[in-house]
Amino acid sequence: MNRYQGDDIASAAPAAGVRLQEVRADDDAAVQAMARVHRQAFGSKGWSAEDIATMLRVEGTEALLAHAGERPVGMIIHRMLWGDGEILTLGVVPTMRRRGIGSRLLATAMNGMVMQGANRIFLEVAADNAAAIALYESLRFEPLGRRPNYYLEEGGRRVDALMMVRIFGGGCGG
């Protein structure tokens with residue numbers, strides 16, 4: 001697969017020294033690494049390797065794993081569904097945040113989905129996750145709506161999900 005040829009969508013500087021790897025469901029080592037990254041990024045809500053492998057078996061679902069040297073430091077899972085793109089999850093280990101890894105993963109995934117024909121890309125984010133919202137807004141995602149009490153946080157606290165969309169040009173031009 002050579003869909004991921006650049007970060008045409010992002011204006012953010014590429015994360016220096018970070019390599020992206022496409023991950024398939026049958027790549028056990030990479031799926032395990034993605035699960036470790038997800039747990040580091042999301043704590044007890046992190047997905048298991050089996051959860052990730054199951055997702056990757058669904059047609060249209062793809063994943064990227066970011067490495068700093070040999071160390072896995074970030075991951076994204078996304079899919080195409082009926083001509084639209086969707087970001088299922090994006091995570092960067094806490095010690096590697098604010099280095100452009102998340103924006104590079106997101107921009108690369110978005111570029112791949114647009115190359116596959118997506119005119120819209122959707123995602124959901126916890127309404128209290130200011131850093132993630134700022135990242136998405138920097139890549140021109142806009143609020144679309146809210147899902148009240150969608151996320152269950154540590155200690156039983158509920159947080160709304162902010163639904164966001166990025167719409168790309170389409171149609172006949174003009």
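Being touching an Asp or Glu at 6+ places or on another chain (Cβ under 8 Å) and over 21 Å from ALA131 (Cα atoms) is the filter here, so list the residues in the range 27-52 that pass it.
Within the range 27-52, ALA35, ALA49 meet the criteria.
Here is a yes/no grid of residues against (1) on the phi < 0 side of the Ramachandran plot; (2) within 16 Å of the chain's Cα centre (by Cα); (3) not β-branched (Val, Ile, Thr):
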| position | (1), (2), (3) |
| --- | --- |
| ALA109 | yes, yes, yes |
| MET115 | yes, no, yes |
| ASN119 | yes, no, yes |
| PHE122 | yes, yes, yes |
| SER138 | yes, yes, yes |
| ASN149 | no, no, yes |
| GLY156 | no, no, yes |
| ALA161 | yes, yes, yes |
| MET164 | yes, yes, yes |
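Can you tell me which residue within the range 73-95, out of those that are among the small types (Gly, Ala, Ser) and buried (at least 24 other Cβ atoms within 10 Å of the Cβ), is nearest to ALA132 (Cα to Cα)? Full working, then the answer.
To start, the set of residues in the range 73-95 that are among the small types (Gly, Ala, Ser) comprises 74, 83, 85, 91.
Keeping just the survivors that are buried (at least 24 other Cβ atoms within 10 Å of the Cβ) gives 74, 85, 91.
Working: GLY74: 14, GLY85: 18, GLY91: 10 Å.
Here the residue is GLY91.
Look at ALA134 and say whether it is surrounded by fewer than 16 Cβ atoms within 10 Å (Cβ to Cβ) and within 18 Å of the chain's Cα centre (by Cα).
Yes: the conditions hold for ALA134.
If a residue has to be surrounded by fewer than 20 Cβ atoms within 10 Å (Cβ to Cβ) and either at pLDDT 95 or above or within 15 Å of GLU22 (Cβ to Cβ) (or both) to count, how many in the range 96-113 make the cut?
1
The values are calculated or read from the model by the stated rules, or taken from the named source; none is laboratory data. As the structure is a computational prediction, the values presented were derived from the model and not from experiment. Because the Cβ atoms are built from the backbone with ideal geometry, glycine has one as well, and the counts that use them run over all protein chains shown.
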